[in-house]
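Reviewing the structure listed below.
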Amino acid sequence: LAPIVDKEVDMISICGMGGLLMTQILDRHPEKMETARFFLQANTAIDLLREYLMKHDMRIIDEDVVKDAHHIYEIIIVEKGKDVSYTKEELIFGPVLMKKKDPLFIEKWQKQLVSQSNILKGLPQTNEKYQEVKDMVDLIKKVIE
């Protein structure tokens with residue numbers, strides 16, 4: 001955000017990088033979060049990005065899913081709010097996306113379900129990650145069905 005730090009802007013787009021990097025960018029210029037609407041598209045760690053936004057009272061006003069080639073991307077639109085709170089499921093799946101449940105959302109999470117199920121099959125029940133992966137499989141099933 002350095003090139004616009006001294007400029008008055010009301011919309012900022014940050015796209016095509018990981019959610020963790022986005023939080024680091026936002027941390028460098030928290031004053032922009034007070035007045036700007038953000039259009040965010042994280043390639044990874046979207047749940048961590050949503051959690052960061054919640055902790056900074058950034059309210060998710062809309063979300064959408066788009067597909068480019070074989071990749072499905074989530075887009076989140078946020079602005080400053082008050083007393084912002086999301087459940088664990090909303091942080092993972094997106095509060096707006098969970099309500100919309102459009103076909104791309106379902107496609108994305110069906111792919112994740114297959115991936116997580118395959119991981120679960122390869123883990124012995126005594127593995128420390130087994131329950132965590134099983135809980136995720138159960139959660140995905142609950143949300144997409």
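The values are calculated or read from the model by the stated rules, or taken from the named source; none is laboratory data. Nothing here was measured: the structure is a model prediction, and the numbers come from that model. Cβ sites come from the backbone with ideal geometry, for glycine too, and all protein chains shown count toward neighbours. The accessibility values were calculated without ligands, DNA or RNA, using every heavy atom of the protein model including side chains. Shrake-Rupley method; radii C 1.70, N 1.55, O 1.52, S 1.80 Å.
Odds and ends about this structure:
- Long-range tail of P(r) for the stretch 46-145 (Cα pairs > 23 Å, %): 34
- Highest-first packing order for the peptide set 24-32, 118-126 is 24-32, 118-126, based on the mean count of other beta carbon atoms within 10 Å.
- Axis of helix 19-28 versus longest Cα principal axis of the chain: the two differ by about 20°, to the nearest ten degrees.
- Accessible surface of residue 10, taken over heavy atoms with a 1.4 Å probe and every protein chain present, rounds to 100 Å².
- The lysines within cross-link reach of residue 67, meaning a Cα-to-Cα straight distance under 20 Å and a gap of 8 or more places when in the same chain, are 99, 100, 101, 108, 111.
- Accessible solvent surface per residue of the stretch 47-128, calculated while the other protein chains remain in place, 1.4 angstrom probe, Å²: 60
- Normalised by 2.2 N^0.38 Å, where N is the number of residues, the C-alpha radius of gyration of the stretch 81-129 stands at 1.53.
- Computed from Cα positions, the angle between helix 130-144 and the longest principal axis of the chain comes to roughly 70 degrees.
- Calculated [θ] (222 nm, deg cm²/dmol) that DSSP helices of n ≥ 4 give over the chain, each run adding -39,500 (n - 2.57): -14500 deg cm²/dmol
- Only protein atoms count toward the accessible area here, which uses a 1.4 Å probe; on the chain, the carbon and sulfur part of that area reaches 53 percent.
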